[in-house]
Amino acid sequence: MAALPPRVLLLEDDPLMQRFVAYALEDTGLELTCCNSVSQAMQAFTQQSFTWILTDLMLPGESGLSFIEKISLMPEQLGTAQIVALSAGIDRSMQDKLSTLGVLRQLLKPVSVKTLQELLCADNALTERNTSTEDGRAHAITTYFAGQTVLYEKFAQQCREQFSQDIINGDLWLKDKDHAAMHNAAHSLKSVLRLLGEQAPYRCAETLEKLTTNPPLSAQAATEWLALKKHLNLLAANHQG
């Protein structure tokens with residue numbers, strides 16, 4: 001049975017930009033689905049799986065950021081799809097927010113044909129993410145473990161064993177709206193994840209700590225926990241695997 005072609009979901013309200021991306025991906029073997037609104041993109045997202053999800057951030061009505069937040073809460077449907085944000089301008093706070101939501105790349109518009117083809121057609125997304133992760137771990141081993149990889153791995157294994165319980169606790173505290181317990185957990189996880197060199201989860205925990213400083217437990221904090229939980233699940237799975 002022939003493998004399905006890689007699919008790209010593009011959320012972009014400008015028909016000329018849709019056409020530009022379509023031209024850029026001609027003859028690449030990628031199957032492109034263009035959507036004009038978040039509701040249309042959500043319908044496509046729930047009906048089939050995608051390899052890549054590209055979304056403009058500035059849209060009439062509901063924003064591209066809202067779309068990213070929604071699909072980040074659907075990890076089973078999202079699967080291994082990589083998210084790319086497109087914008088004419090992305091400030092630092094938005095960059096941090098997108099990173100915590102698992103966005104792989106943030107591209108400034110206008111995007112060149114070469115950039116799109118190199119990103120989407122080369123099988124480099126996982127390599128790029130893994131390289132960043134490995135760099136963070138190497139830095140952690142040097143900085144916090146005196147270059148002793150064995151010591152780092154022993155500590156990392158113990159942490160990954162604990163993450164499964166952290167997830168259970170976090171879900172319970174979210175259900176009970178216990179902002180103080182969530183704040184303490186985020187503070188502890190931030191320190192542990194920094195020691196491990198896990199940069200994206202660390203930023204998630206850091207943001208969650210700030211969001212839970214004072215009651216009540218906000219919807220934004222709940223969303224941030226779900227993003228952190230996704231990272232912890234992956235780390236725990238690495239231990240189990």
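The values are calculated or read from the model by the stated rules, or taken from the named source; none is laboratory data. The structure displayed is predicted, hence computed values, not measured ones. Using ideal geometry, Cβ is built from the backbone for each residue, glycine included, and neighbour counts are taken over all protein chains shown.
Look through Thr213, Thr207 and report the one residue that is under 18 Å from Thr100 (Cβ atoms), assigned to a loop (DSSP other than H, G, I, E, B), of a type in the set (Ser, Thr, Tyr) and not assigned by TED's automatic domain parsing to the domain that holds Met74.
Values: Thr207 fails: assigned to a loop (DSSP other than H, G, I, E, B).
When all the criteria are applied, what remains is Thr213.
Could you check the range 122-141 and list, in sequence order, the residues that are surrounded by fewer than 16 Cβ atoms within 10 Å (Cβ to Cβ) and modelled with pLDDT of 80 or more?
Of everything in the range 122-141, those that are surrounded by fewer than 16 Cβ atoms within 10 Å (Cβ to Cβ) and modelled with pLDDT of 80 or more turn out to be Ala138, His139.
Pull out all pairs, ordered by first then second residue, where Cβ-Cβ is under 6 Å, the residues are six or more apart or on different chains, the first lies in the range 199-220 and is free of Cβ contacts under 8 Å to residues at least 40 places away in the same chain, and the second is in a helix (DSSP H, G or I) and of a type in the set (S, T, N, Q).
Close Cβ pairs (under 6 Å, with a partner that is in a helix (DSSP H, G or I) and of a type in the set (S, T, N, Q)) amount to Leu211/Gln220.
For the range 137-162, give me each residue that is among the polar types (S, T, N, Q) and within 23 Å of Ala237 (Cβ to Cβ).
Going through the range 137-162, the residues among the polar types (S, T, N, Q) turn out to be 142-143, 148-149, 157-158, 162.
Once the filter is applied, which keeps residues that are among the polar types (S, T, N, Q) and within 23 Å of Ala237 (Cβ to Cβ), the range 137-162 yields Thr149, Gln157, Gln158, Gln162.
Restricting to helices (runs of 4 or more DSSP H) lying wholly in the range 1-119: which have 2 or more residues that are touching a residue at least 40 places away in the same chain (Cβ under 8 Å) and outside the structural domain of Ala227 (by TED's automatic domain parsing)? Give the steps one after another, and end with the answer.
Working: elements: 15-24, 38-47, 64-72, 75-78, 92-100.
Passing ranges, in order: 15-24, 64-72, 92-100.
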